[in-house]
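Notes to accompany the following structure.
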Amino acid sequence: MLNELMHDATQERYEPAPAATGIGQDVLPDVYRDAPEVAQRMAPDVPVFCFSRNALAHQLKRFQDGFPGKVTYAVKANPSPEIIGALSTLGMTTFDVASPVEMELVRKFCPRAILHYHNPIKSRSEIEQAYRAFGVRHFAVDDKTEIEKIAHVVGTRSDVELVIRFRAAKNRAVCDFTSKFGADMAYAAELLQLADELGFNTALTFHPGSQCIDPVSYVENIEAAAEISRRAGVVLKQLNVGGGFPVKFPGQQTPPLSAFFKAIDTATRAAFGDKRPDLTAEPGRAIVAGCTSLLVRVKHRRSESDDLFINDGIYGALMELTQVPIDLPCRALRGAQVLEGQMKDFVIFGPTCDPLDRLPRTVRLPLDVTEGDWIEFGLVGAYGAATATRFNGYGAIQTTDAASVLSS
């Protein structure tokens with residue numbers, strides 16, 4: 001049937017970008033030095049994302065200077081307007097998108113952006129919308145039926161790239177991404193050969209899993225990509241190494257990004273020799289985690305148990321804590337004062353009426369933290385804004401400029 005078918009935070013102060021970029025005064029109305037100043041001057045009674053454009057720029061530059069290929073941004077990590085707008089002004093021209101909604105968002109800030117539609121499973125209407133309305137020419141697939149769908153909708157066109165996603169040989173990440181997507185090596189070779197025979201541009205991609213803390217995972221997958229290319233008899237011109245680059249969370253031993261970049265470069269040269277493909281990466285968490293902290297307020301402290309109730313929780317910006325075994329750096333504030341002294345482990349509940357709305361691990365805070373104080377959680381730039389709901393009427397989170405954020 002297929003043959004019958006015809007694509008690190010800085011401390012500098014800065015001014016918001018012009019309103020035309022989408023992150024001007026209409027979105028971020030004030031500029032603050034840091035979260036304590038936000039607490040003192042705004043005294044917010046709703047959760048606040050403290051966003052630092054300089055921190056975002058610093059981390060993006062680390063990738064652009066260090067990764068041996070093209071750097072794109074995985075929109076799923078944080079689709080907030082201030083993030084997409086800032087990345088656009090900082091020179092990001094290619095975005096990894098998972099839905100037409102994300103495509104529309106990117107187009108608002110970067111009309112000429114290249115969009116990589118790397119969600120491997122798409123409906124025919126989504127393929128049609130991506131191709132015709134948003135000009136997408138890069139589609140990930142991990143199944144023959146998906147290739148058939150794309151060929152039926154767009155035709156077998158040489159200006160369309162099919163990116164075959166294969167499954168990681170071994171999970172070395174905090175979050176295993178092998179259970180939902182990815183063809184095994186033998187099937188991936190079949191798919192690569194088929195896409196090539198149909199006349200599409202072809203590439204391979206893998207994802208080592210979110211928060212991958214071992215560069216060896218990239219090495220193993222790059223070696224697998226070379227073997228898939230040989231089995232298919234297709235010279236590989238493009239290899240996308242996915243995301244998964246880690247952030248240094250408290251208590252985790254995490255190699256520096258430079259170790260990952262070096263391992264990827266060395267492994268690609270060794271595996272492909274003089275036929276080395278061009279490399280692409282699509283980091284999300286590692287670019288945006290450190291540019292935003294979350295400022296929440298203590299609503300109540302139980303006298304008999306010392307449990308704390310705050311105005312955000314697992315139905316808001318802290319949902320990922322229930323899915324991924326990570327801890328966030330945090331500190332308690334009383335206005336501009338950072339609370340110190342004797343510490344204690346607190347059980348923390350969110351604001352909803354659901355008993356499940358509880359952080360999965362205790363949080364160590366000063367002994368005298370109480371109602372009306374604020375807690376700043378760092379490293380929530382990734383998946384904090386992306387996963388917040390409006391359950392029980394909570395979940396509205398304000399965003400403001402804070403030139404420095406809690407990052408460690």
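Restricting attention to the range 392-408 and to residues that are in a loop (DSSP other than H, G, I, E, B) and β-branched (Val, Ile, Thr), the residue that is surrounded by the fewest Cβ atoms within 10 Å (Cβ to Cβ) turns out to be Ile397. Scanning the range 243-286 for residues that are part of a helix (DSSP H, G or I), within 17 Å of Gly209 (Cβ to Cβ), of a type outside the set (Gly, Ala, Ser) and under 19 Å from the mean Cα position of the chain (by Cα) yields a total of 3. Among the residues making up the range 27-79, those that are touching a helix residue (DSSP H, G or I) at 6+ places or on another chain (Cβ under 7 Å), assigned to a helix (DSSP H, G or I) and closer than 18 Å to Leu90 by Cα are Arg53, Ala55, Leu56, Gln59, Leu60, Arg62, Phe63, Gly66, Val75, Ala77.
Among the criteria (1) buried (at least 21 other Cβ atoms within 10 Å of the Cβ); (2) out of contact with any Leu (no Cβ under 9 Å at 6 or more places or on another chain), the one Ile84 does not fulfil is (2). Among the residues in the range 296-306, are any surrounded by 14 or more Cβ atoms within 10 Å (Cβ to Cβ) and within 26 Å of Gln59 (Cβ to Cβ)? Looking through the range 296-306, at least one residue is surrounded by 14 or more Cβ atoms within 10 Å (Cβ to Cβ) and within 26 Å of Gln59 (Cβ to Cβ).
Looking across the range 124-144 at every residue that is touching a Lys or Arg at 6+ places or on another chain (Cβ under 8 Å) and hydrophobic (A, V, I, L, M, F, W, C), the one that is surrounded by the fewest Cβ atoms within 10 Å (Cβ to Cβ) is identified as Phe134.
Within the range 114-161, being among the hydrophobic types (A, V, I, L, M, F, W, C) and either closer than 15 Å to Tyr187 by Cα or out of contact with any strand residue (DSSP E or B) (no Cβ under 8 Å at 6 or more places or on another chain) (or both) holds for Ile121, Ala133, Ala140, Val141, Ile147, Ala151, Val153, Val154.
Please enumerate the residues belonging to the range 359-380 that are of a type in the set (A, V, I, L, M) and within 23 Å of Phe51 (Cβ to Cβ).
Leu359, Val363, Ile375, Leu379, Val380
Looking at this structure, is Phe206 of a type outside the set (Ser, Thr, Tyr) and either surrounded by fewer than 19 Cβ atoms within 10 Å (Cβ to Cβ) or within 21 Å of Val71 (Cβ to Cβ) (or both)? Yes; evaluated as a whole, the condition is true for this residue.
Considering the conditions (1) of a type in the set (Phe, Trp, Tyr); (2) under 22 Å from the mean Cα position of the chain (by Cα); (3) modelled with pLDDT under 95, Tyr32 is excluded by exactly one of them, (2).
Can you pull out the strands (runs of 3 or more DSSP E) entirely within the range 328-391 that have at least 3 residues that are within 26 Å of the chain's Cα centre (by Cα) and under 20 Å from Asp45 (Cα atoms)? Full working, then the answer.
Details: elements: 330-334, 343-346, 363-366, 374-377.
In the range 328-391, 374-377 are the strands (runs of 3 or more DSSP E) which contain 3 or more residues that are within 26 Å of the chain's Cα centre (by Cα) and under 20 Å from Asp45 (Cα atoms).
The values are calculated or read from the model by the stated rules, or taken from the named source; none is laboratory data. This one's a predicted model, so the numbers in the text were calculated from it and none came from an experiment. All Cβ positions, glycine included, derive from the backbone under ideal geometry; neighbour counts span all protein chains shown.
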